[in-house]
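The values are calculated or read from the model by the stated rules, or taken from the named source; none is laboratory data. Bear in mind that the values here come from a model prediction, so they are computed numbers and not experimental data. Cβ: placed from backbone, ideal geometry, glycine included. Neighbour counts: every protein chain shown. Only protein heavy atoms, including side chains, enter the accessible area calculation; ligands, DNA and RNA are left aside. Shrake-Rupley method; radii C 1.70, N 1.55, O 1.52, S 1.80 Å.
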Amino acid sequence: MNELKGSFIELGGRLRRRSTVSLVAFGGLLGFVVSAPFSISIAQICVFTAVVAWLASMTKAAPLLTQKFPLWGPWLLFALFTLASAFHAPDSLNSLIKSRELTQIMIFYLAMNVVQDDWEALWLVKALFVAASVAALYALGVSLQGVLSLANRPSGFFSIYMTFGGFLLVVGLLAFTYLLVPTRERKSKWVYASALLILTALITTLSRSAWVGLVIGVAAVAVASRRKIVSLCLALAVVLAIFMAPHSIRQRVKSMVNPRDKTAVERINMWKGGIKMFVDKKLLGFGPGQIKYNYAHYANPDAASKPPSHLHNNVVHLAAERGIFALGAWIWVWIGYFVLVIQRIRDTKDAPFGTRFRMIGGLAVAAGFLSAGMFEYNFGDSEVVMLMFMAIALPFIGRTNEVHSG
């Protein structure tokens, strides 16, 4: 209780020292992380308010030249080639409307410029843990009714279980990073309960792509934080839990290595169709949002009759939808991101916990998100992508030599 009271007192003092526009920007970002598990509309309103306030603050409190814009080159190219693809599409109006999702990239730069240091970053992330725990508790206690099965999976406050799983993946990786990064500083013990609740909800979504992302993300934390033994124990605990899990979960795990699994076969069919689409229109693709209208002409004969809205793989989908130039820029973004963050992790190996958490947390989320994206087009899932952009901005917040407690 004293920790919570002191945290709010510290937050209040920090907010009073901000300018009005800076205060609105930070408040909008806080509103985003709190509302994200419950309402995409409210989360988008909060983000829009925060971005407008941040841009307005550049005139006085934070001039443009003092802002940080890492990776702006490849992101700009990605946006330009996406718009070129939209203009080139037969249904250019709808493609341009779909391209509005490019504005979500602003969250990446918003977070790194509005959040000032380790303390504020940890405060925001802990607020996210609380909100996600409430959503996970609701999913386990209310939205999951009856026996867990493929036909009965919890989706929380989201429209579908896969979005819920993708959201929990991002939050869960941040929670595991918080717990696994070593420190002599005192950590908030309630995060252990939060992580367990989030992990349990994630498992019950039966979302295999999110499971893959979780494994790869935790492995990234283990390597980056040099906690391989702890992570090995965690892996053994997960294996043990799988053997003790309900039949539906054990069967779902087995299906991950079954090449004849119906959904696996259908995904392969989608990838083959997507590659054919890319080969036919290599440069600019078919346009954002146009896959479902053109897929039938390229589908394998044994593919499902209903055209999919996406191709269950980020690379294949972007290649078919936007062409090789947009895909190349997108890949450039992630290569550049990992190079920058790994270098920062090396440069801050003796830094305080808050700094190490930000660096490794961003790396873990990026690794987990991209791994899950090998089997799901999660880059097209707004609820997941918005939170992902905030999380991967963590390594660029503040100054790496700041000293703050965790």
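Of all residues in region 224-235, how many are at pLDDT below 90 and either of a type in the set (A, V, I, L, M) or under 12 Å from residue 177 (Cβ atoms) (or both)? If you could, list the steps in order and put the result at the bottom.
Taking region 224-235 as the starting set, the residues that turn out to be at pLDDT below 90 are 225-235.
After this cut, where a residue has to be either of a type in the set (A, V, I, L, M) or under 12 Å from residue 177 (Cβ atoms) (or both) as well, the list is 225, 227, 229-232, 234-235.
The qualifying residues number 8.
One line per residue, one yes/no per condition, for (1) open to solvent by 70 Å² or more (accessible area, probe 1.4 Å); (2) at pLDDT 95 or above; (3) part of a loop (DSSP other than H, G, I, E, B); (4) closer than 30 Å to residue 72 by Cα:
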residue: 294; (1), (2), (3), (4): no, no, no, no
residue: 308; (1), (2), (3), (4): no, no, yes, no
residue: 311; (1), (2), (3), (4): no, no, yes, yes
residue: 315; (1), (2), (3), (4): no, yes, no, yes
residue: 333; (1), (2), (3), (4): no, yes, no, yes
residue: 338; (1), (2), (3), (4): no, yes, no, yes
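Looking only at region 279-292, count every residue that is touching a residue at least 24 places away in the same chain (Cβ under 8 Å) and more than 15 Å from residue 85 (Cα to Cα) and tell me the total. Break it down into steps so the answer makes sense when it comes.
Taking region 279-292 and keeping what is touching a residue at least 24 places away in the same chain (Cβ under 8 Å), we get 281-291.
Add one more test, that the residue is more than 15 Å from residue 85 (Cα to Cα), and what stays is none.
Within region 279-292, residues that are touching a residue at least 24 places away in the same chain (Cβ under 8 Å) and more than 15 Å from residue 85 (Cα to Cα) number 0.
For region 83-101, give me each residue that is touching a Ser or Thr at 6+ places or on another chain (Cβ under 6 Å) and closer than 18 Å to residue 386 by Cα.
Scanning region 83-101 gives a single hit, 99.
List the pairs whose first member sits in region 126-143 and is under 16 Å from residue 40 (Cβ atoms), whose second member is assigned to a helix (DSSP H, G or I) and open to solvent by 40 Å² or more (accessible area, probe 1.4 Å), and whose Cβ atoms are under 8 Å apart, counting only residues at least 6 apart or on separate chains?
128/34; 131/34
Among all residue pairs at least 6 apart or on different chains, which show Cβ distances below 8 Å where the first residue, located in region 84-107, is under 22 Å from residue 282 (Cα atoms) and in a helix (DSSP H, G or I) and the second is open to solvent by 70 Å² or more (accessible area, probe 1.4 Å) and of a type in the set (Phe, Trp, Tyr)?
These pairs meet every condition: 84/325; 95/87; 96/87.
Sort out which residues of region 127-184 are open to solvent by less than 60 Å² (accessible area, probe 1.4 Å) and of a type in the set (Val, Ile, Thr), and write them in order of number.
163, 170, 171, 177, 181, 183
Quick check: anything in region 145-161 modelled with pLDDT of 95 or more, of a type outside the set (Val, Ile, Thr) and within 21 Å of the chain's Cα centre (by Cα)?
Within region 145-161, not a single residue is modelled with pLDDT of 95 or more, of a type outside the set (Val, Ile, Thr) and within 21 Å of the chain's Cα centre (by Cα).
Restrict the check to region 350-360 and report whether at least one residue is part of a helix (DSSP H, G or I) and open to solvent by 70 Å² or more (accessible area, probe 1.4 Å).
So far as region 350-360 goes, no, none of its residues is part of a helix (DSSP H, G or I) and open to solvent by 70 Å² or more (accessible area, probe 1.4 Å).
The rows are residues; the columns are (1) open to solvent by 70 Å² or more (accessible area, probe 1.4 Å); (2) modelled with pLDDT of 70 or more.
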| position | (1), (2) |
| --- | --- |
| 247 | yes, no |
| 250 | yes, no |
| 261 | no, yes |
| 277 | no, yes |
| 280 | yes, yes |
| 287 | no, yes |
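So residue 111 fits all but one of (1) surrounded by 24 or more Cβ atoms within 10 Å (Cβ to Cβ); (2) in contact with a Pro (Cβ under 8 Å, 6 or more places away or on another chain); what number is the exception?
Every listed condition holds for residue 111 apart from (2).
Determine whether region 30-39 contains at least one residue that is of a type in the set (S, T, N, Q), open to solvent by less than 50 Å² (accessible area, probe 1.4 Å), more than 25 Å from residue 126 (Cα to Cα) and out of contact with any strand residue (DSSP E or B) (no Cβ under 7 Å at 6 or more places or on another chain). Spell out how you get there, then give the answer.
Taking region 30-39 first, the residues of a type in the set (S, T, N, Q) are 35, 39.
Keeping just the survivors that are open to solvent by less than 50 Å² (accessible area, probe 1.4 Å) gives 35, 39.
Still in the running and more than 25 Å from residue 126 (Cα to Cα): none.
No, every residue in region 30-39 fails to be of a type in the set (S, T, N, Q), open to solvent by less than 50 Å² (accessible area, probe 1.4 Å), more than 25 Å from residue 126 (Cα to Cα) and out of contact with any strand residue (DSSP E or B) (no Cβ under 7 Å at 6 or more places or on another chain).
Residue-by-condition table, conditions (1) assigned to a helix (DSSP H, G or I); (2) at pLDDT 95 or above:
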{"site": "38", "(1), (2)": "no, yes"}
{"site": "41", "(1), (2)": "yes, yes"}
{"site": "51", "(1), (2)": "yes, yes"}
{"site": "59", "(1), (2)": "no, no"}
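Starting from region 319-338, keep only residues that are without any contact (Cβ under 8 Å) to a residue 60 or more places away in the chain, then list their pairs with residues that are surrounded by fewer than 16 Cβ atoms within 10 Å (Cβ to Cβ) and among the charged types (D, E, K, R) whose Cβ atoms are within a distance under 6 Å, requiring at least 6 positions of separation or different chains.
Taking only residues 6 or more apart or on different chains, the pairs are 324/282.
Find all pairs meeting these conditions: Cβ atoms under 6 angstrom apart; at least six residues apart or on different chains; first residue within region 374-389 and of a type in the set (S, T, N, Q); second residue in a helix (DSSP H, G or I) and buried (at least 21 other Cβ atoms within 10 Å of the Cβ).
As it stands, the answer is 378/166; 378/372; 378/384, since those pairs meet every condition given.
Please pick out the residue among 151, 136 that is within 28 Å of residue 25 (Cα to Cα) and not hydroxyl-bearing (Ser, Thr, Tyr).
136
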